[in-house]
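Working notes, structure below.
The values are calculated or read from the model by the stated rules, or taken from the named source; none is laboratory data. No experiment lies behind these values; they were computed from the predicted model shown. Cβ placement follows ideal geometry from the backbone for every residue including glycine, while neighbour counts extend to all protein chains displayed. Calculation scope for accessible area: heavy atoms of the full protein, side chains included, ligands and nucleic acids excluded. Shrake-Rupley method; radii C 1.70, N 1.55, O 1.52, S 1.80 Å.
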Amino acid sequence: MAEEQKSDQKVVGGSGITAGGNVSFGNVSGQVAIGENIEQTQTLTLSVSDKKELLDSLVQFRNAIANLGLPEDELDDINNDVGTAVKEAQKDEPNYPKIKRKFEGVIETIKEVGDTIDQVSKWEWTGKVVKLLGKLGFTVLL
């Protein structure tokens with residue numbers, strides 16, 4: 001008679017291990033497990049040079065926004081969101097989803113203002129921010 005396995009049993013293993021019960025692996029970069037009660041986490045991050053480029057691009061983006069002649073109310077909202085994204089990008093371990101949310105908020109506000117999104121979408125630094133966020137698996141629609 002086969003021995004029954006407890007459902008609350010937790011088994012942790014490494015590469016090439018077959019295990020039963022609740023299995024949890026972290027920072028996996030390739031293999032995918034299929035089954036019940038399996039957790040797989042992968043943390044994507046940017047290189048030091050990419051982090052610097054993201055920060056620099058956000059700063060350039062913020063500076064260019066000031067020259068669009070946007071209404072004061074919208075400009076205040078945009079400056080708040082871009083400022084938050086810049087502060088987050090300055091951290092040793094930035095919260096990239098937060099940066100994405102704030103950047104998307106700026107894009108949405110600009111879209112509501114009028115035809116300025118055409119101009120903003122052509123800026124070099126807008127493209128760099130979108131590209132760098134894409135390296136983290138994020139999609140930003142302009």
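Some notes on this structure:
- Within region 110-142, the set of residues being modelled with pLDDT under 90, among the hydroxyl-bearing types (Ser, Thr, Tyr) and touching a helix residue (DSSP H, G or I) at 6+ places or on another chain (Cβ under 7 Å) comprises 116 only.
- Some residue of region 65-77 being of a type in the set (A, V, I, L, M) and exposed (fewer than 13 other Cβ atoms within 10 Å of the Cβ): yes
- Output for region 112-126, where each listed residue is under 19 Å from residue 73 (Cβ atoms) and either touching a Lys or Arg at 6+ places or on another chain (Cβ under 6 Å) or open to solvent by less than 70 Å² (accessible area, probe 1.4 Å) (or both): 113, 114, 116, 117, 120
- Odd one out for residue 102 among (1) touching a helix residue (DSSP H, G or I) at 6+ places or on another chain (Cβ under 8 Å); (2) surrounded by 12 or more Cβ atoms within 10 Å (Cβ to Cβ); (3) more than 22 Å from residue 52 (Cα to Cα): (3)
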